[in-house]
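Following: one structure in structure tokens, then a few remarks.
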Amino acid sequence: MLMILRSESFTSLIKHEIYYLFFFSMRRVHQRISKGFEVFEYYANNQWQFINTQVYHFRNIMNPRERINYKIDGNGLDIQKYFENCVMATRIYILKEMPETLPAAKRHLRV
């Protein structure tokens with residue numbers, strides 16, 4: 001027996017399917033944003049104190065060649081590049097986004 005769908009039931013089915021796809025797409029976006037805020041919240045709301053007396057000691061006893069080979073201070077650090085690398089690491093290791101998605105994300109944000 002061949003079943004013929006009425007146009008309104010077919011339209012209803014398509015609307016339901018579009019809603020279903022949209023809902024789960026938005027759910028995924030929400031989960032990623034929520035995870036990002038959760039990670040950020042931990043680091044933003046805690047106070048951090050790093051004791052680095054050993055670094056000061058090593059920096060004082062190193063000769064100029066060792067200072068070049070073993071970079072333990074911020075002299076000559078490219079801050080812009082450093083933070084770009086931090087953002088990429090966050091995208092890859094925390095948000096589980098691959099670097100190939102960056103151009104599409106930039107287009108989406110119009111950056």
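Any read-out appearing in this document is the output of simple, stated calculations on the displayed coordinates, not a laboratory observation. Bear in mind the structure is a predicted one, so any value in this text is a computation, not a measurement. Please note: Cβ atoms are built from the backbone with ideal geometry, for glycine as well, and neighbour counts cover all protein chains shown.
Values computed for the structure shown
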quantity: ³J(HN,Hα), Karplus 6.51/-1.76/1.60, whole Hz, each residue of segment 24-40, x for Gly, Pro; calculated: 6, 5, 5, 5, 5, 4, 4, 4, 5, 5, 4, 5, x, 5, 4, 5, 4
quantity: Förster radius 22 Å - calculated FRET efficiency between Lys96 and Gln49 (Cβ-Cβ, nearest 0.05); calculated: 0.10
quantity: Sites Val39 and Gln80 - FRET efficiency at Förster radius 25 Å, r taken between beta-carbons, to 0.05; calculated: 0.65
quantity: Ranked Val39, Val87, criterion: other C-beta atoms within 10 Å, fewest first; calculated: Val87, Val39
